[in-house]
1. Hand me the GluC sites (Glu not before Pro) from the range 375-462 located in a DSSP loop with no more than 16 other Cβ atoms within 10 Å, in residue order please.
2. Going by average Cβ neighbours within 10 Å, how do the peptides 143-155, 363-375, 238-250 rank, with the highest at the top?
3. Evaluate E = 1/(1 + (r/R0)^6) for Glu642 and Thr273, where r is the Cβ-Cβ distance and R0 equals 25 Å; express this FRET efficiency to the nearest 0.05.
4. Taking every alpha carbon pair in the chain, what does the distance histogram look like in 10 angstrom bins from 0, in percent?
5. With runs of 4+ DSSP H residues as the only contributors, calculate the mean residue ellipticity of the chain at 222 nm using -39,500 (n - 2.57) per run, divided by the residue total and rounded to the nearest 500.
6. What are the ³J(HN,Hα) couplings of the range 465-475, residue after residue, when phi is run through the Karplus curve with 6.51, -1.76, 1.60 and θ = phi - 60°? Round to Hz, x for glycine and proline.
7. Could you calculate the contour length gain from Asn514 to Asp560, that is, 0.36 nm times the residue separation minus the distance between their Cα atoms, to one decimal place in nm?
8. Between Val544 and Asp78, what FRET efficiency follows from the Cβ-Cβ distance if R0 is 51 Å, with the result rounded to 0.05?
Amino acid sequence: MSTLESILKETRSFPPSDDFRHKATVSGMEAYNALCEQANSQYLSFWEKLAREQISWKQPFTRVLDDSQAPFFKWFDDGVLNVSYNCLDRHLATQSDKTAIIFEADDGEVSRVSYAELHRRVCRFANGLKSLGVKKGDRVVVYMPMGVEAVVTMQACARIGAIHSVVFGGFSAGAVRDRVQDAGATVVVTSNEGMRGGKSVPLKATVDEALALEGAESVQKVVVHQRTSGQVAWDASRDIWWHELIASQPESCEPEWMNAEDPLFILYTSGSTGKPKGIQHSSAGYLLGAINSFRWVFDFKPDDVYWCTADVGWITGHSYVCYGPLGNGATQVIFEGVPTYPDASRFWRMIEQHKVSIFYTAPTAIRSLIKLGADLPKQFDLSSLRVLGTVGEPINPEAWIWYYETVGGGRCPIVDTWWQTETGSAMIAPLPGAVPTKPGSCTLPLPGIMADIVDESGAQVEPGRGGFLVIKKPFPSLVRTIWNDPERFKKTYFPEEFNGQYYLAGDSANRDENGYFWIMGRIDDVLNVSGHRLGTMEIESALVANPLVAEAAVVGKPHDVKGEAVVAFVVLKGARPVGEEAKKVAAELKNWVAHEIGKIAQPDDIRFGENLPKTRSGKIMRRLLRSIAKGEEITQDTSTLENPQILAQLQQPL
Ligand code: WT7
């Protein structure tokens with residue numbers, strides 16, 4: 001309730017300037033409303049028109065939507081295309097010399113890649129993959145640092161019809177193995193090392209460790225890009241250097257012509273169980289979402305210099321680094337490093353240096369940069385900026401205002417974009433030349449996105465009341481299924497409660513009297529740590545896999561930079577540790593989680609008890625744990641609790 005009250009007190013509203021509105025692609029509310037009206041009255045022809053305009057088809061489609069096997073929807077399904085052709089080849093005639101990527105390395109070195117050059121690199125690597133036997137439908141796991149080669153790898157997969165599954169470089173060997181195994185990948189592409197904040201990240205060593213684990217036997221080849229001079233272990237029967245693989249490969253590669261519905265990629269994301277979900281996206285529908293939303297939400301113009309700070313390991317790096325910008329022929333900055341190295345002005349210096357006009361980042365980064373130097377942006381010339389964006393979690397109004405004033409000079413609309421791995425592209429976000437913004441609200445759905453807020457029965461709730469965020473009609477970039485688990489797909493996203501008709505996003509939200517959406521949080525056991533999704537069950541499974549641990553429960557607590565932080569309540573097999581011993585075990589368990597999943601999942605706080613608070617039927621009372629994690633006094637009724645005395649144990653900080 002407190003979040004609900006605080007956001008509803010936010011009444012400031014920021015319309016675009018007249019100048020911005022005049023120049024915008026979708027200019028003014030009338031234009032936005034007209035698009036929504038077209039979508040409402042002629043849903044299929046609305047999407048059909050966009051799909052014909054925005055995508056270059058090898059063979060045009062004749063059917064727009066096939067819903068005969070709902071919720072397994074098919075879009076444009078007799079159309080034939082290639083996604084990489086759409087991102088590269090089709091720009092060559094008009095802008096082959098245009099810069100596609102301005103790459104800034106961790107150490108500040110800058111290199112530029114034109115569309116023609118990127119096309120050549122993608123073709124050579126695609127030919128290299130083919131020479132390893134990779135063909136249409138095969139799965140390729142990508143475990144790479146941010147850089148040109150990560151994009152080349154994804155585009156090369158798209159070019160030959162292989163399905164990429166990018167695994168974030170911060171994930172551990174266990175997480176790599178799980179994803180390799182579930183996807184049945186035959187090839188892994190990695191780098192010897194990555195560079196972040198002046199330190200090297202041992203990527204190849206982690207792949208070696210992952211592939212030595214049980215379950216990773218499907219992998220036949222590991223391609224290693226040499227990013228640093230660091231030495232790595234080598235298995236000559238399996239490993240091959242990138243530069244050797246491409247050495248004699250031709251600079252052109254005929255695209256594999258794909259069906260609109262052929263899978264483009266799988267990306268694993270956390271859900272309510274311990275097992276991550278392989279979110280499977282289509283070729284044409286996904287591409288349309290990425291291209292069109294990029295154009296609308298950022299009001300993209302051909303001379304923009306765009307920079308999205310997300311890693312390619314997340315969906316944002318897929319849609320708004322790899323596919324959306326290239327599909328539109330944009331010039332973009334790709335950054336290898338971290339915002340705080342060599343110091344907290346790195347982002348602002350880069351915006352000045354590269355004359356960035358559209359900047360898209362995460363609230364957690366904004367909050368940490370405010371902390372480390374709220375005045376630093378003023379030392380740089382940020383006048384090139386015209387649009388600012390955020391994604392991943394709600395942005396608190398204080399951070400919003402700072403971003404707007406100090407970074408944007410009060411001149412740049414902020415597009416707060418709500419979407420998910422599953423939706424593939426932005427769903428609720430202001431079109432910056434039309435929709436007035438309000439700090440903390442992602443504002444209104446994009447035209448064609450039938451978002452709504454409903455109660456348990458599926459009925460629309462009144463303004464100001466919280467409910468489930470749903471999307472009432474299928475749209476092209478929606479997840480097609482969960483890899484290997486269509487039943488889970490149906491149950492999770494199109495539950496019976498809503499007659500299997502609505503896409504259930506998993507967020508709660510409410511709407512104000514102007515119809516603006518305010519996201520409140522997740523309705524499932526999913527945490528949002530620094531804009532990254534982590535399942536509490538996943539962290540719990542990792543903890544109980546430790547030989548010392550008998551039982552564990554994980555909850556989130558509010559954190560002023562990360563948004564949410566992980567708190568774990570743990571019962572050991574032996575006696576409950578106290579004092580120094582408790583600190584020692586806690587440190588060990590934190591390292592364990594970092595090793596099992598990755599540093600992002602590491603608990604900030606661990607508490608030990610002889611048991612967990614449970615009802616008589618044995619259910620863990622997570623509400624109580626959440627209160628304890630926040631340090632709140634327990635006011636809830638604990639009379640149904642089997643073992644009230646353990647609350648005092650769990651309240652004790654280490
Ligand atoms: C979850 C999806 C979309 C790319 C990054 C995260 C939360 C995302 C916002 C926003 C409030 C947001 C939601 C959503 N979320 N964007 N603008 N305002 N919450 O992708 O890992 O699939 O996570 O992130 O809870 O369900 P993801």
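None of the figures in this text is laboratory data; all of them are computed from the coordinates on show. Nothing here was measured: the structure is a model prediction, and the numbers come from that model. Ideal geometry is used to build each Cβ from the backbone, glycine not excepted, and the neighbour counts take in all protein chains shown.
1. Hits after loop and neighbour filter: Glu456.
2. Output ranking for 143-155, 363-375, 238-250: 143-155, 363-375, 238-250.
3. 0.50
4. 3, 16, 26, 28, 19, 7, 1, 0
5. The helix contribution divided over the chain gives -8500 deg cm²/dmol.
6. 9, x, x, 7, 7, 10, 10, 7, 10, x, 9
7. Result: 13.7 nm gained on full extension.
8. So the FRET efficiency works out to roughly 0.55.
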